[in-house]
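See structure below.
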Amino acid sequence: MRLRFRRRRLGQFAIAGTVGAVLAGFTKQAMGQSTPQTPSKPEVPADPNSYVDVELQINGKEQMLKIEPRVTLLDVLRERLDLTGTKKGCDHGQCGACTVLVNGRRINSCLTFAIMHRGAEITTIEGLAKGNTLHPMQAAFVAHDAFQCGYCTPGQICSAVGLVNEGHAQSDADIRELMSGNICRCGAYPNIVTAVREVLEGKKNAAV
Amino acid sequence: MTTVGQRKSHESATGHVSGKALYTDDQRQPIGMVSLYPVTAPHASARITHIDVSAAYGVAGVVTVLTAEDVPGENDTGVIIRDEVLFPTEVISYWGQAVVWVVGETETAARLGADRVVVHYEPLPPILSIKDAIAANSFQGQPLVVRRGDATTALQAADFCLTGEVEMNGQDHFYLETQASWVIPDGEGNYQIYSSTQHPTETQVIIARVLGIPNNRVVVTCLRMGGGFGGKESQANPFAAVAAIAAVKTGRPARVRLRRSQDMTLTGKRHGLLGQYQVGFSQEGHITALDVDLYADGGWSLDLSPPVLLRAALHVDNAYYIPDIEVRGQIVKTHKTSNTAFRGFGGPQGMVVGEEIIDRVARFLGLPPEVVRERNFYHGEGATNTTHYGQEIFDNRIACIWSQVKANANFAERRIEIAHFNQSHSYKKRGLAITPVKFGISFNKTQYNQAGALILIYTDGSIQLNHGGTEMGQGLHTKMLQVAASALGVKIDRFRLMPTSTDKVPNTSATAASSGADLNGQAVKDACETLKARLAPVAAKLMNLDAPEDLVFEDGWIYSRSYPNDRIRFEQVVEQAYNDRVSLSATGYYRTPNIYWDAATSQGRPFYYFAYGAAVSEVEVDGFTGTFKLRQVDIVHDVGESLNPLVDQGQIEGGFVQGMGWLTMEELVWDAQGRLRSDAPSTYKIPTISEVPEHFHVELLQRAAQEGVIYGSKAVGEPPLMLAMSVREAIRDAIAAFGAVDFVPLASPATPEAILWAIESVKARSGAKSGVAESLLVSPTV
């Protein structure tokens, strides 16, 4: 299905320049503000040729986008598709708050360009639940109160789902090591370990 | 059925795990919203000689540039005094200070525009350390003195006397959600602000002041915060203010959302602090006299430094009775970020000084530090159970908690085991320590100890709950729902907890000082009592009863105690109340009783009560690398009759982890030019999941109801942070095992580098009694 997207952010994306300029002109008139004059030809103009068409599969839906190649997957999710469950904690791949799943593998969405993931299956925190039924990892985070402020939680959960998919974690020590890229300033760590362990053990038991 | 005291999970739990819980910058953006980006100063101290913003307009998408001339009202966001210029025009006070802000259609356009703004500076030499500030006589605010007895005379009379100093680093809040504010103008001169702020009222007042309009034209709403920890008590204000100016100038919605490095560079942190002391004590380790100077690094402006310093001065004693004591405090002014509230609000710094002194005394006398701690506890009645600011500790629970956690941790046996381990290992040493926490609860400033609530019942029986507190992960909203459900006798799912907003509950205090549940809980309960008093006669009439005072509200039903089988549904009473023209909305209000403070004498009863805890930590230190592993932690903490044990346990664990970060790994590094070099998670290390001890036992003190507090509970936000002092002291204990010395100086934070230096120092002095310490010894009158 081809979805009509709603343009959230102006400028960085196509059409933006014009709409913005029109709006700015309108407001200036309407408000009677004396802002300094904008030169008619900006020295650093937006380049309309720099946009590319990209088709992305996000949470099982096809998304047709026109974006600049340099736009990160995180910014596309947040600014373009209104999928603001994925958080921007540092924008440098150092905190894990932006973790999403690409073909089941966990990645920092701030460190990757959206156009690199054409054809891939991207899953964000919004795509984990089946309707009103939470994913087992989401349910475990609720059951064990594995968060406080909640800001790192989408990244923690996507990372934990990726960890389970990887199949390396056997012990609490493994969980600690493999989850150490997702920081939680509230220090809800003991409960995060408990939640991830529960899902891992459930998985093991189910396999037996 | 009551919901208070249950392990209820966070009210936004499902929202958090599904990504649907909205933070300020997650909302659906209004059309035409502009973004702001700052032009920052490349000097810590400089004179501004020239600002030329014209080139910014050459960048596509730049809407306008905000300078001091665009401020309609006051160009200042100071909260205690007016010393915090928003757009500096004359001097730069710290590296990275925002000079002007560029407004763009996008953040990218604003950033490219900011690159083109030209500012000329005349650099000046910066003051970057507490000691340099003292030398340059660079102070701000007023000096303070808190004293009891005569420390000078008592020091002269003491068996032993030691002098020394301890300096500790600040701490970045590192809330995962950086500062964010949206300002939406309505075109009629009113402004709706969405801000990640712990203090919506103050953000409102500051915006109104900066815009030069009355407070009633500004509504500030806080949906929730992705962490606050004190860093959004006053620090949200300037960013909300510049967004508001952008909204005024452009007539469009405006957004400020800081990048991580900007947030760390621009915002204030926990105060670094220098303590210089002279302590007198007896052969048995009883401290008889203490004279302390505290110097807090306020940074470039005053912000909340005076109450932070006061709390430090009022917590130097921690849990210890010191008969003759004088604490002097000063705030130094440096060319660094303006330091601010951070969980504990100066208390932790004061207590670290106190614990340093205790350890110093213990090692000098060759006594185990825990023995010296025990011997100095507040105890008994009267003077020995009264603080140096004249407040009697009427509910002293220190000894009880202390013995409980010692037993839980098998402290005595492990002391012996560790001694054996250390004898048989040359390069790895283990350390064990137990430290207490006594933390005063209430805002020091008496007038902040008030709160309001607003409850709206609709005719279908659904309810909106408003209160003045903000949610930053501490579970306040969850607790308030529990309080309201219990007080009104209905189920929690009947409520919608509303975002904190200044048009619902006005003139609120910051959600700070651990006071959120204490203050707002009482206000919520008060509103519920008002509504029940109105609904009871309606219910009585419906049930043909004479005595409404006999009615019980429980679990969505109302019944008479005398005839419990004859009951009526809550919503039926609500509907009848509407028909009878009985008001279904009510405000609630609370002010903490019996607290007072005389600032002139630094005496009074500033705290309604004290929160207590104690922690035992065991570490293993590697003598080659200086790294340590936290092997086990045992905690007993007093939260009164917990409103929600699940939430409270999370607060204790999280507070401990954050305190451990401050004391052992989070190192703020400013270079010689005053640049903050630790401005990202790659260079500023906060605790990760792998640093949490595997054996981490937290126990809540049982049968601990606190009289006069909401449902017998106690504040829990800040006190657990200081339990982490046990980690610092355990590291010191392990370092001491590398030699035989009577003094183990340890820098804070105790990073591997600091630990390694401390081990080297211990090894070098080992065996030579009072090696380095000798120079610090003052007239031992043995």
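The values are calculated or read from the model by the stated rules, or taken from the named source; none is laboratory data. Since the model is a prediction, treat every value here as computed from it, not as a measurement. Virtual Cβ from ideal backbone geometry, glycine too; neighbours counted across all protein chains shown.
From B:43, B:16, B:10, which residue is within 10 Å of another protein chain (Cβ to nearest Cβ), surrounded by 20 or more Cβ atoms within 10 Å (Cβ to Cβ) and part of a loop (DSSP other than H, G, I, E, B)?
The unique qualifying residue is B:10.
The set of residues in the range A:75-119 being surrounded by 18 or more Cβ atoms within 10 Å (Cβ to Cβ) and part of a helix (DSSP H, G or I) consists of A:75, A:76, A:77, A:78, A:79, A:80, A:109, A:110, A:114, A:115, A:117.
Just wondering, is there one or more residues in the range B:88-104 that are at the interface with another protein chain (Cβ under 10 Å from one of its Cβ atoms) and either within 30 Å of residue A:125 (Cβ to Cβ) or under 30 Å from the mean Cα position of the chain (by Cα) (or both)?
yes
What strands (runs of 3 or more DSSP E), lying completely within the range B:390-470, carry at least 3 residues that are under 30 Å from residue B:572 (Cβ atoms) and at pLDDT 95 or above?
Where strands (runs of 3 or more DSSP E) fall fully within the range B:390-470 and carry at least 3 residues being under 30 Å from residue B:572 (Cβ atoms) and at pLDDT 95 or above, they are B:450-457, B:463-467.
Applying the criterion of being assigned to a helix (DSSP H, G or I) and under 14 Å from residue A:204 (Cα atoms) to the residues of the range A:162-179, the residue that is farthest from the other protein chains (Cβ to nearest Cβ) is A:165. Annotation: of all residues in the range A:108-152 being at positive phi and free of Cβ contacts under 8 Å to residues at least 12 places away in the same chain, the one that is farthest from the other protein chains (Cβ to nearest Cβ) is A:131. Confirm whether residue B:391 is farther than 30 Å from residue B:738 by Cα, without any contact (Cβ under 8 Å) to a residue 24 or more places away in the chain and out of contact with any Cys (no Cβ under 6 Å at 6 or more places or on another chain). Spelling it out, it is not the case that residue B:391 is farther than 30 Å from residue B:738 by Cα, without any contact (Cβ under 8 Å) to a residue 24 or more places away in the chain and out of contact with any Cys (no Cβ under 6 Å at 6 or more places or on another chain). Look at residue B:668 and say whether it is part of a loop (DSSP other than H, G, I, E, B), among the hydrophobic types (A, V, I, L, M, F, W, C) and surrounded by 24 or more Cβ atoms within 10 Å (Cβ to Cβ). Against the criterion (part of a loop (DSSP other than H, G, I, E, B), among the hydrophobic types (A, V, I, L, M, F, W, C) and surrounded by 24 or more Cβ atoms within 10 Å (Cβ to Cβ)), residue B:668 does not qualify.
Within the range B:227-246, the presence of at least one residue that is outside the structural domain of residue B:676 (by TED's automatic domain parsing), closer than 30 Å to residue B:748 by Cβ and of a type in the set (Lys, Arg) is confirmed. Number of residues in the range B:151-163 that are crowded, with 19+ Cβ neighbours inside 10 Å and in contact with a helix residue (DSSP H, G or I) (Cβ under 9 Å, 6 or more places away or on another chain) equals 3. Condition (residue is touching a Ser or Thr at 6+ places or on another chain (Cβ under 6 Å) and surrounded by fewer than 24 Cβ atoms within 10 Å (Cβ to Cβ)) applied to the range B:512-535: is it met by at least one residue? No, the range B:512-535 has no match at all. Under the condition of being under 20 Å from residue B:681 (Cα atoms), within 19 Å of the chain's Cα centre (by Cα) and more than 11 Å from chain A (Cβ to nearest Cβ), the residues counted in the range B:236-270 number 5. Among the residues of the range B:355-405, those identified as surrounded by fewer than 18 Cβ atoms within 10 Å (Cβ to Cβ) and among the acidic types (Asp, Glu) are B:381, B:392, B:395.
Of the residues making up the range B:52-81, those that are within 14 Å of another protein chain (Cβ to nearest Cβ) and touching a helix residue (DSSP H, G or I) at 6+ places or on another chain (Cβ under 9 Å) number 16.
Residues of the range B:671-693 that are among the hydrophobic types (A, V, I, L, M, F, W, C) and either outside any loop (DSSP other than H, G, I, E, B) or over 25 Å from residue B:475 (Cβ atoms) (or both): B:672, B:676, B:680, B:689. Residues in the range B:78-132 that are closer than 23 Å to residue B:301 by Cβ, out of contact with any strand residue (DSSP E or B) (no Cβ under 8 Å at 6 or more places or on another chain) and part of a helix (DSSP H, G or I): B:132 alone. Under the condition of being part of a helix (DSSP H, G or I) and closer than 22 Å to residue B:467 by Cβ, the residues counted in the range B:208-225 number 2. If you go through the range A:151-175 and pick out every residue that is more than 18 Å from residue B:646 (Cα to Cα) and either of a type in the set (Val, Ile, Thr) or within 23 Å of the chain's Cα centre (by Cα) (or both), you end up with 16.
Within the range B:554-577, the residues that satisfy the criterion of being among the aromatic types (Phe, Trp, Tyr) and in contact with a strand residue (DSSP E or B) (Cβ under 9 Å, 6 or more places away or on another chain) are B:557, B:559, B:570.
Inspection of the range A:139-147 identifies no residue that is modelled with pLDDT of 95 or more, more than 20 Å from residue B:14 (Cβ to Cβ) and either crowded, with 24+ Cβ neighbours inside 10 Å or small (Gly, Ala, Ser) (or both).
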